[in-house]
Number of protein chains: 2
Amino acid sequence: MPSLSHKATQMPASPIRKLVPYAEQAKKSGKTVYHLNIGQPDIETPQVVLDKMHNLDLKVVEYSHSAGFQSYREGLAKYYKGFNINLNPENEIMITTGGSEALVFAFQTCFNEGDELIIPEPFYANYNGFGVTANVNVVPVTAKIENGFSLPPIEEFEKLITPKTKGILICNPGNPTGYLYSKEELETLRDIVKKYDLFLFADEVYREFCYDGATPYSALNLEGIENNVVLVDSVSKRYSMCGARVGALISKNAEFMAAALKFGQARLSPPTFGQIAGEAALETPQSYFDAVIEEYVERRDILIDGLNKIAGVTCPKPKGAFYAIAKLPIDNADKFCQWLLEEFDYEGETVMLAPATGFYATKGLGQQEVRIAYVLNKASLIKAVKCLEEALKVYPGIV
Amino acid sequence: MPSLSHKATQMPASPIRKLVPYAEQAKKSGKTVYHLNIGQPDIETPQVVLDKMHNLDLKVVEYSHSAGFQSYREGLAKYYKGFNINLNPENEIMITTGGSEALVFAFQTCFNEGDELIIPEPFYANYNGFGVTANVNVVPVTAKIENGFSLPPIEEFEKLITPKTKGILICNPGNPTGYLYSKEELETLRDIVKKYDLFLFADEVYREFCYDGATPYSALNLEGIENNVVLVDSVSKRYSMCGARVGALISKNAEFMAAALKFGQARLSPPTFGQIAGEAALETPQSYFDAVIEEYVERRDILIDGLNKIAGVTCPKPKGAFYAIAKLPIDNADKFCQWLLEEFDYEGETVMLAPATGFYATKGLGQQEVRIAYVLNKASLIKAVKCLEEALKVYPGIV
C-alpha cells in the first residue's frame, strides 16, 4: 500500500469531532443533549431564498463563470457599498465555495512553504487545516480572556515578525470569542501591515452580527493598505444557509485577484444553486436581520449572565457573532466536555461544548476554557446553562 | 505590495480562456459562434432533479456531514452496485464539491512536494492546476492519435517510473480524447500499479457515456489493487448538472479515506442544494440515459464522419464521453483557433474550438490538433463542421 503524504498526517482532526461518538452514545442512552458546540444556527433561512428555490426556472444546471455569476457579483458590490466599500464586480469580487475555499485560495495565492501567518488566538480551528493545505506556518499571538480577547498589543505582534512573516489573519467579529475589533484596533493592525508590507486577511463572515449599537468596521475601510487587504466572506451565517457553500474572496489588489482566479478556473465554478440562493438573499428585508439580532442579543444575555452567576465561571460579554468563550474552574476542558456527555446528566439532560484547546495553537492554552455557540432557542439555553451549573457541582476535576 | 506565491505564478491559465475575448469580439461584430470548445452540455437536467428542487421543504439550509448526507452516500452505494462495485457508504464514499475537489483532496492526501504523477496525455488541462495546488510533478506519457489514443505500451510507463513516482491518473472514458480503455488496458495498468505500489487515480465521470455497445470497466473492478485505487466521480456530466458542484471521492483504502476526510472536515461540507439534486438524480429513469446516449451517438457520427471527409483531417472515432481530438492540416492550433474567431467567417458564422496544445504536458505536442466537444444539437454541428471545412480552404497557415 503506498504511503500517504506528510500533509495527511499533519492535517488536524477537528477537536469537536472527537466528542461526536460520545454525544451519539449519550443520545442512544436516552439523554437530551443541548448542542452548544457547533456553528450551525437554528435560525430559518430567509423566505426570499426558499421562494426563489421553489420557483427556479432552470432547464440545465450549468457552470457559472469561475468568479461566479456576474449578476451576483454586481449585487454583492451594491451590498458592500452599504458598508462604504467600493468594489468593481468585474475583478475585485470572486464568488467561492464558502468562506473555506476563499481562505484556501488566498493562502495558495500568497504563501510559499514555510511562510508564516500570524493569527490572534483563540482562533477558528479550521485555519490550522487550511494552513496545512497551503504549507504555511501558523504563528499564534495570544489574546487573553482577562482582557476580553481584545487585540494583543502591537509589541506582541512585532516580537513574532520574522523575514518569513507574510500575513496576519483576523476574524472580525470573531469566532470563537465573539470579540468585535474597534476601529482603533484595526488601525493598529493597519500600521503593522503597512510597516512590514504584509497581507491582512480579514474573515468578516459575521459582519451583520454586531450588538449593543456597535457597527462593524471592515478591513477594507482601512486607508493606505488597499493592496494588502484580502477579505473573506460567506453567506453561511448571514442568512443561515451554511449548506449553500457560497462565499467570496475580495481584494483591491489586481495581481492577487488575477492569480486567485486561476485557482478558481481550475475548479471551474462555485455552486450554481448556492449562488442563486445567495443572490436571492441580497433581497432579505432588514426586518429579518432586526429579528435575528434581537434573538441573538437575548440569547447572549441569558447565556452570559447565566454563566457569570455560576461560581468560578467568567465569560466576557461578546459584542458580535454568536459565540462566547467561558473560563471554567476545571482541570481539563477536553476531559470535562467528554465527561459531560459520557458520565453526567441533570434530570436526563446534558450539554455538548467545544473545548477551547482546539482554538489555541499554543500548546497548553485553553485547558480551562470552552467555546459556547448560542445557536439554540432561549428555553433550551436556560436549561443548558442549568446543566452546566449542576455539572460544575459534581465534576471530579474541579480546581 | 507583498509578493505572491510561486504557485500563483506556476498556476496555468486555462488555454481556452485566452480565446474568450476573441469569441466575445466575434459575437459583438455580429458573427454566430458555434461553441465546440467547452464541456458544458446543452442536454437538459433530469426532470426528477428540477421537481425535487421546486418542492424543497427545507427551513434551514444546513451543513451536511463533511462526507456528505448519509442517505445520499447510501444511494450512491446502490448506484455503484449496478456496476459490480461494492462500497460501504459509511467510510468508502465521500461526497465532494465536484470531481475537482475530489482530485485536490486525493492529491493533498497522497503527494509530497516533488512526487511524480504519470498521466497519459492528452489529458484534461485542469489536472495541471490541481498538480500545482498539491505541489506534485505531472509526468506525461504520450498516447498517439495514430493509435486512436489507446493506452501507451507498458514499457513507456516503466521508462518514466522513478523513486518519486507515486501514482498514475487516468480519465476513462477520456476527456479530451473520448477514448474508452478496454478491460485489458486496465489490467495492464493494474500490473504496473501493483509492481511499483502506486496509487491509481481513476476519473470516471463519463461512465454512462459509452457507445456502440461498449460497457465501462471501472478501476474499482480490478482485483488485487483495492488499496491503490482512488476513484473520482461527479454528477456534472452524468445528469447535465455541472453547476451542482457535486462529486465523490471513493476508495477501499481505509487509511486514505480517513485522511481525506480530514481535508473534508476543514471545509465543513459539500453543497447541500447540490447534494439534494444529486440524490434526486439517482432516480433518473433509464429512458433519460437512452435518449441522451442516442443523441450523443448521432452527434458523434455527424461530427466524426464530417471531419474525416475534409481533406487532410483525421479524427479517431471515440467510444465514450462527448469529445474528440482531430488532427488538422494546420501550422499551429492556437493561432488557428484564434484566427477562426478573429478573422474568419463563413456566411456570418464561425466555430470556437479548443487548441489541443493545452491538453499535452509535453511541449510542442498537439500543435496540429484541436479538441471538439459535441455539446451542440445536430443542426448546429452540421453547420459547425461546414465552417471548419471552409476555414481550412482559406486559412493562411495550412501545411
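The values are calculated or read from the model by the stated rules, or taken from the named source; none is laboratory data. These numbers come from a predicted model, not from an experiment. Neighbour counts are summed over all protein chains in view; Cβ atoms, including those assigned to glycine, are modelled from backbone coordinates with ideal geometry. With ligands, DNA and RNA removed, areas are computed over all heavy atoms of the protein, side chains included. Shrake-Rupley method; radii C 1.70, N 1.55, O 1.52, S 1.80 Å.
Only one of the numbered conditions (1) within 11 Å of chain B (Cβ to nearest Cβ); (2) touching a Lys or Arg at 6+ places or on another chain (Cβ under 8 Å); (3) closer than 28 Å to B:Pro270 by Cα is violated by A:Asn228, and that is (3). Every test in (1) assigned to a loop (DSSP other than H, G, I, E, B); (2) at the interface with chain B (Cβ under 10 Å from one of its Cβ atoms); (3) surrounded by fewer than 24 Cβ atoms within 10 Å (Cβ to Cβ); (4) hydrophobic (A, V, I, L, M, F, W, C) is passed by A:Leu87 save one, and that test is (2). Taking the stated definitions as given, is A:Ile161 within 14 Å of another protein chain (Cβ to nearest Cβ), within 27 Å of A:Ser182 (Cα to Cα), open to solvent by 10 Å² or more (accessible area, probe 1.4 Å) and at pLDDT 95 or above? Yes, satisfied. Counting only residues that are among the aromatic types (Phe, Trp, Tyr) and under 17 Å from B:Ile38 (Cβ atoms), segment B:335-361 holds 1 of them. Being farther than 24 Å from A:Asn172 by Cα, within 14 Å of chain B (Cβ to nearest Cβ) and under 23 Å from the mean Cα position of the chain (by Cα) holds for only one residue in A:Gly264, A:Gly278, A:Gly243, and it is A:Gly264.
Scanning for something more than 13 Å from every other protein chain (Cβ to nearest Cβ) and polar (S, T, N, Q), does segment A:50-63 turn up at least one residue? Among the residues of segment A:50-63, not one is more than 13 Å from every other protein chain (Cβ to nearest Cβ) and polar (S, T, N, Q), which makes the answer no. Would segment A:26-33 turn up any residue that is more than 7 Å from chain B (Cβ to nearest Cβ), free of Cβ contacts under 8 Å to residues at least 40 places away in the same chain and in a loop (DSSP other than H, G, I, E, B)? Checked segment A:26-33: at least one residue is more than 7 Å from chain B (Cβ to nearest Cβ), free of Cβ contacts under 8 Å to residues at least 40 places away in the same chain and in a loop (DSSP other than H, G, I, E, B).
Of all residues in segment B:92-104, those satisfying the criterion of being surrounded by 24 or more Cβ atoms within 10 Å (Cβ to Cβ), at negative phi and within 11 Å of chain A (Cβ to nearest Cβ) are B:Thr96, B:Thr97, B:Gly99, B:Glu101, B:Ala102, B:Leu103, B:Val104. Look at (1) farther than 30 Å from B:Asp345 by Cα; (2) open to solvent by less than 10 Å² (accessible area, probe 1.4 Å); (3) in the same structural domain as B:Lys386 (by TED's automatic domain parsing) and you find that B:Ala26 fails only one, number (1). Using the structure shown, decide if A:Leu268 is part of a strand (DSSP E or B) and in contact with a helix residue (DSSP H, G or I) (Cβ under 7 Å, 6 or more places away or on another chain). So A:Leu268 fails the test. Candidates B:Pro355, B:Pro316: the one that is within 21 Å of B:Gly148 (Cα to Cα) and open to solvent by 30 Å² or more (accessible area, probe 1.4 Å) is B:Pro316. In this structure, A:Glu226 qualifies as open to solvent by 10 Å² or more (accessible area, probe 1.4 Å) and under 19 Å from A:Asn84 (Cα atoms).
From the list A:Tyr181, A:Tyr196, A:Tyr217, A:Tyr211, the one residue that fits, being under 15 Å from the mean Cα position of the chain (by Cα), farther than 16 Å from A:Gly99 by Cβ and either open to solvent by 10 Å² or more (accessible area, probe 1.4 Å) or in the same structural domain as A:Gln108 (by TED's automatic domain parsing) (or both), is A:Tyr181.
Here's a check for you: in segment A:1-17, which residue that is open to solvent by 60 Å² or more (accessible area, probe 1.4 Å) and over 12 Å from B:Lys262 (Cβ atoms) is farthest from the other protein chains (Cβ to nearest Cβ)? Filtering segment A:1-17 for residues that are open to solvent by 60 Å² or more (accessible area, probe 1.4 Å) and over 12 Å from B:Lys262 (Cβ atoms), the one farthest from the other protein chains (Cβ to nearest Cβ) comes out as A:Ser3. Considering segment B:97-142, the residues that are touching a Lys or Arg at 6+ places or on another chain (Cβ under 8 Å) and small (Gly, Ala, Ser) include one that is nearest to B:Gly358 (Cα to Cα), namely B:Gly129.
Suppose we keep only residues that are touching a residue at least 60 places away in the same chain (Cβ under 8 Å) and within 8 Å of chain B (Cβ to nearest Cβ) within segment A:105-119. Which one would you say is surrounded by the fewest Cβ atoms within 10 Å (Cβ to Cβ)? So, considering only residues that are touching a residue at least 60 places away in the same chain (Cβ under 8 Å) and within 8 Å of chain B (Cβ to nearest Cβ), the one surrounded by the fewest Cβ atoms within 10 Å (Cβ to Cβ) is A:Gln108.
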